[in-house]
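Peer 1: Below is one structure. I have some questions about it.
The values are calculated or read from the model by the stated rules, or taken from the named source; none is laboratory data. Note that the structure is predicted; figures quoted are calculated from it, not measured. Glycine gets a Cβ as well: all are built from the backbone with ideal geometry, and neighbour counts include every protein chain shown.
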Amino acid sequence: MLTMGTTRVMTAIAATLEAPFPDRPSEGSLRFNVELSPMASPAFEPGRPGEDAIELARLVERGLKQSHAIDTEALCVLAGRKVWGKGRELFP
């Protein structure tokens, strides 16, 4: 949980050991999902993510990947066999 002023953000992280992508045998993978809660604003609706949530998830993912803030090679357990991966979708 992160609080900045009146803004609160909750995060959950899930990861699984999985086979790597064939073209990146020694790199793990990342995926981001964003859910904008109706409790935060009546403009947000429950259910599938809307355009704003999808764009925010893409922005976060692109920012972290392009900045190399997360070393995806450090997510490798056994090259070509097992890497820490995207995990399951927490909020389908």
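Peer 1: Only residues that are among the aliphatic types (A, V, I, L, M), within 17 Å of residue 9 (Cβ to Cβ) and touching a residue at least 12 places away in the same chain (Cβ under 8 Å): list them for the range 55-73, please.
Peer 2: Within the range 55-73, 56, 57, 60, 64 qualify.
Peer 1: For the range 55-76, check the following and say yes or no: at least one residue is of a type in the set (Asp, Glu), surrounded by 15 or more Cβ atoms within 10 Å (Cβ to Cβ), modelled with pLDDT under 95 and under 14 Å from the mean Cα position of the chain (by Cα).
Peer 2: yes
For (1) surrounded by fewer than 14 Cβ atoms within 10 Å (Cβ to Cβ); (2) under 21 Å from residue 82 (Cβ atoms); (3) within 16 Å of the chain's Cα centre (by Cα), each residue gets a yes or a no:
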| position | (1), (2), (3) |
| --- | --- |
| 9 | yes, no, yes |
| 13 | yes, yes, yes |
| 19 | yes, yes, no |
| 29 | no, yes, yes |
| 34 | no, no, yes |
| 39 | yes, no, no |
| 42 | yes, no, no |
| 49 | no, no, yes |
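Peer 1: Can you spot a residue in the range 38-48 that is at pLDDT 90 or above, within 15 Å of residue 11 (Cβ to Cβ) and not charged (D, E, K, R)?
Peer 2: Checking the range 38-48: not a single residue is at pLDDT 90 or above, within 15 Å of residue 11 (Cβ to Cβ) and not charged (D, E, K, R).
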